[in-house]
Amino acid sequence: MKRITLKVGSGVLTENNAVAKQRMLNLVSFIVKLQSLYDVILVSSGAVSSGYTALKLDRKKHISKKVLAAVGQPILMSNYKALFDIYDVDTSQVLMTEEDFDSAAHIEIFRQIIDSQIENNILPIVNENDITTISEQVFGDNDQLSAHVAHHSGSDVLVILSDIDGYYDKNPNEHDDAVMYKLVSSIPQAELEKPDTSTHEFATGGIVTKLKAAQFMLDQGREMFLCNGYDLSSAKEYLIDGQHGKGTLFSCANN
Ligand code: ADP
C-alpha cells in the first residue's frame, strides 16, 4: 500500500479559542476513508492553541507557550481519541524533536516504531515535543517536522492541509490577482529566505516553512501536495479520486 503523511495546522483545528470540532470530525472521517487506500501518518499541530482553550497564558512568553503545549497536548489527543473512537480506529501519540532524526540509529528506531504501529492498525499522530526542549532541538514548525516524518517513514507524498488553497505567485490574502501554481518542480532560493507570513495567532510557519518542507521533499525525490484543510474537497479529489483540481503539487516527476 502507498504511504502518506498528512499534516494539519492549528488554524484548521481551532476557531475562536476553541477546538473546531466539526472541522476535526471532517478531518477524522476523511482520514478513516484514506486508510482503506493508504498507510496514513498524521502530523498534527494544535497543542498550544488547545492549551489556550483551558488556560489563558500569554503564548508569546517562552515558558507560557511550553505550559500551554503541556496542557494542550492531552486535550488535543483526547479530542482525536473521541472522534476516532466513532470509527473504531486506534491512535498513538508520537512526540518528536529534531534530534530524533540526527543519526541513522535514531531514524531506524523511528521507522520501526511507525512501521509497527501501521502493521497493528494504529494511526500515529505526531507532534513536536517542544515542552522541555530548547530551540536548538526543535524544528519550530510542524511543516518541516512533517517533511522529515514523511521522508523517514517512507511516505510517497506529504499532504499539507492549510488555511490556503495552494501556493500562489504572491500572497493571495494581500493580492486579488494572485495566481495559484498547480505544479512546482523547483523553488527559487529567494522564496525560501523570505520572512514568516503566518496568518493565525497560533501558526508558526506561513508559506515559507511550507516551501522549505516542499524543498526537502523534492531533494529526497518525493512529492508534497499543499491544499485547503477547511474544505477537504481538493484533498479528496487528489487522494481518493486521483484527480488534481485545486492545490499545488510539488514534484520533480515530470522533469
Ligand atoms: P497553516 O495554519 O496552515 O500552517 P499559515 O498561516 O502558517 O497556515 O500559512 C499559510 C498562509 O501563508 C496563507 O494564509 C497566506 O496568508 C500566507 N501566504 C503568504 N504568501 C503566500 C503565497 N505565495 N501563497 C500562499 N500563501 C501565502
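The values are calculated or read from the model by the stated rules, or taken from the named source; none is laboratory data. The model shown is predicted, which means the values in this text are computed figures rather than measured ones. Please note: Cβ atoms are built from the backbone with ideal geometry, for glycine as well, and neighbour counts cover all protein chains shown. With ligands, DNA and RNA removed, areas are computed over all heavy atoms of the protein, side chains included. Shrake-Rupley method; radii C 1.70, N 1.55, O 1.52, S 1.80 Å.
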Members of region 84-114 that are in a helix (DSSP H, G or I), open to solvent by 50 Å² or more (accessible area, probe 1.4 Å) and of a type in the set (A, V, I, L, M): Ile86, Ala104, Ala105, Ile109, Ile113
Scan region 158-184 residue by residue and report those that are more than 20 Å from the chain's Cα centre (by Cα), more than 7 Å from the ligand (Cβ to nearest atom) and within 16 Å of Gly229 (Cβ to Cβ). Met180
Residue by residue through region 72-119, note down the ones that are touching a helix residue (DSSP H, G or I) at 6+ places or on another chain (Cβ under 6 Å) and hydroxyl-bearing (Ser, Thr, Tyr). Tyr87, Thr91, Ser92, Thr97
Restricting attention to region 192-212, the residues that are open to solvent by 30 Å² or more (accessible area, probe 1.4 Å), within 8 Å of the ligand (Cβ to nearest atom) and modelled with pLDDT of 90 or more number exactly 1
Here are some conditions: (1) farther than 19 Å from Gln137 by Cα; (2) part of a strand (DSSP E or B). Lys81 meets all but one. Which one does it not meet? (2)
If you check Asn121 against the conditions, is it within 18 Å of Phe84 (Cβ to Cβ) and open to solvent by 40 Å² or more (accessible area, probe 1.4 Å)? yes
Return a yes/no flag: does region 10-31 have any residue that is farther than 12 Å from Ser162 by Cα, within 13 Å of the ligand (Cβ to nearest atom) and open to solvent by 30 Å² or more (accessible area, probe 1.4 Å). yes
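Is region 136-151 home to any residue that is open to solvent by 70 Å² or more (accessible area, probe 1.4 Å) and more than 18 Å from the chain's Cα centre (by Cα)? Let's see the steps before the verdict.
Within region 136-151, the subset open to solvent by 70 Å² or more (accessible area, probe 1.4 Å) is 136.
The next check asks that each one be more than 18 Å from the chain's Cα centre (by Cα); those that pass are 136.
Yes.
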Scanning region 32-63 for residues that are of a type in the set (Gly, Ala, Ser), open to solvent by 10 Å² or more (accessible area, probe 1.4 Å) and at pLDDT 95 or above gives Ser36
